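Written out below as structure tokens is the structure these notes cover.
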Amino acid sequence: MELSDEQRSELSAAITTAVANAFGCDAGLISIALEPVAGEVWNERVYIPEIVNRNHLLCKTPNY
């Protein structure tokens, strides 16, 4: 699913607020990158390296 510019902006603002509140830092210190990943390479590029291989770092796990 591709996000519209407005959705990307709203998501970035919400993440920025949450991170700034959690760490007690200025929002100007936070950077956010959003990278779309095609479904056909999801397992190879995201699921295995980031979820399976780094599951000890996850605070929330997916339910799939």
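Just so you know, all these numbers are worked out from the coordinates, no wet-lab data involved. What you are looking at is a predicted structure, and each value in this text was computed from that prediction instead of being measured. When we count neighbours, we look across all protein chains shown, and the Cβ atoms used for this are built from the backbone with ideal geometry, even at glycine.
Stretch SER12-ALA38 to full length: gain in nm at 0.36 nm per residue minus the Cα-Cα span?
That works out to 7.3 nm of additional length.
How tilted is helix 5-23 with respect to the longest principal axis of the chain? Cα atoms for both, answer in degrees (0 to 90, nearest 10).
Relative to the chain, helix 5-23 is tipped by roughly 70 degrees.
Send over the Kirkwood Rh of the chain, from the inverse of the averaged 1/r over different Cα pairs, rounded to one decimal Å.
Taking every pair of different Cα atoms in the chain, averaging 1/r and inverting gives 13.9 Å.
Between ASN55 and ASP5, what length comes free when the chain is fully extended (0.36 nm per residue of separation minus the Cα-Cα distance, one decimal in nm)?
Stretched out fully, the ASN55 to ASP5 stretch lengthens by 14.9 nm.
For LYS60, what is the net charge nearby, where nearby means another residue's Cβ is under 15 Å from its Cβ and Lys, Arg count +1, Asp, Glu -1?
0
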